[in-house]
1. Obtain the nm distance between the two label points defined at residue 90 and residue 65 by a simple spin-label model: each point lies 7 Å from its Cα along the Cα-to-C-beta direction.
2. Highest mean first, what order results for 64-71, 42-49, 128-135 on Cβ atoms within 10 Å?
3. Can you classify segment 28-149 as rounded, prolate or oblate using the Cα gyration tensor, where a ≥ b ≥ c are the square roots of its eigenvalues, rounded means a/c under 1.5, and otherwise it's prolate if a/b beats b/c and oblate if not?
Amino acid sequence: MAVRTLVVACALFLGMCIITSGKPTETTHAFCKIVWLFGIPCNQVNMAIVTQIKAMGSYKLGSVTPTLIQANHTSAVGQIEGVNFTMTGTSMSMGCHVEGSSVSAFWFSLFDNGTNYCNLHNVIQGSGLTKTPGFMEFTNEWLCLGFGFSACK
């Protein structure tokens, strides 16, 4: 019975990873994936995220295009996480669908107590996007290791 439960849990985990990105997630590193919906155009979302990342000292902005923002976050203990925001316009109300991901660079940080969730959450919260019309956030422990333990500051 325990083996069957483990197999079902693994299948569900793999399925969620494939659904969110079209490919399995690298599971030897701590990671987080979040989907947000905003009721404003993607160019406004993009500008708000870039502005916030530039304002936060622990982030280094990388490549920026109209549909993708890449950055690195360095924690207080020197750990580096790769952070990405991918934007797609929605047909309803000129909104924006954003997929965020944060992945730790080190293999030994599989359980990060919500660090990767906070990397993404702090940018969206600090940018003021959580107050925009139509804001919704979707994630869970399967997509975001440590989500339940996160205490973002």
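Nothing in this text is a laboratory measurement; each read-out follows from the coordinates by a stated rule. Keep in mind that what you see is a predicted model, and the values were worked out from it rather than measured. Using ideal geometry, Cβ is built from the backbone for each residue, glycine included, and neighbour counts are taken over all protein chains shown.
1. Here the answer is 2.3 nm between the modelled labels.
2. Those peptides, ordered most packed to least, come out 42-49, 64-71, 128-135.
3. prolate
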